[in-house]
Amino acid sequence: MFYGSEHSDLKPANSEYALVGSLDGLYRLLPGCWRRETCAPRMREKWSVSNPTCGQCSITAFLAQDIFGGEVYGVPLGDGNYHCFNVVGDAVFDLTNEQFDHPLEYTLNFPQSREAHFAKAEKKRRYDILKAALVQLCASCGK
């Protein structure tokens, strides 16, 4: 289960994504969208169907921001990177925390910028693939 699942009834703020239904609905759809090609290149050797959230945090957080609004923040990792999560009002959630075998400390000290993340063409491309997969899955499910 994802961190912040107590907010699973959160509804989309963007009507384009009304078919997602709720935060829980998005969480249930994402495994059908995540794939090796949407995983961060530096983490692809760790990605698998049994570990689908690996390397998916920033693109998933920005997609969740498109759907639910709010802000994206980061948990500093020891290698200079950040693990991204979402904040919408008083709801703090992380749809990709299951890749870690330890709890993370979610503070609002490290806001993440879409512009900075998507300045990397490969990350923007991975986001576009994830978004297209979600739209296609929703259409095929009749959601």
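The values are calculated or read from the model by the stated rules, or taken from the named source; none is laboratory data. Just so you know, these numbers come straight off a predicted model, no measurement behind them. Virtual Cβ from ideal backbone geometry, glycine too; neighbours counted across all protein chains shown. Note: accessible area is taken over every heavy atom of the protein model, side chains too, but ligands, DNA and RNA are not part of it. Shrake-Rupley method; radii C 1.70, N 1.55, O 1.52, S 1.80 Å.
Has region 74-83 got at least one residue that is small (Gly, Ala, Ser) and in contact with a Phe, Trp or Tyr (Cβ under 7 Å, 6 or more places away or on another chain)? Yes: one or more hits. Quick one: would you say residue 62 is of a type in the set (Phe, Trp, Tyr) and within 10 Å of the chain's Cα centre (by Cα)? The answer is yes for residue 62. Within region 11-22, the set of residues being farther than 23 Å from residue 49 by Cβ and open to solvent by less than 40 Å² (accessible area, probe 1.4 Å) comprises 12, 17, 21, 22. Within region 121-138, if we keep just the residues that are without any contact (Cβ under 8 Å) to a residue 24 or more places away in the chain and loosely packed, with under 12 Cβ neighbours inside 10 Å, the residue that is farthest from residue 44 (Cα to Cα) turns out to be 132. Filtering region 55-69 to residues that are closer than 17 Å to residue 20 by Cα and in contact with a strand residue (DSSP E or B) (Cβ under 7 Å, 6 or more places away or on another chain) leaves 61, 62, 64, 65, 68, 69.
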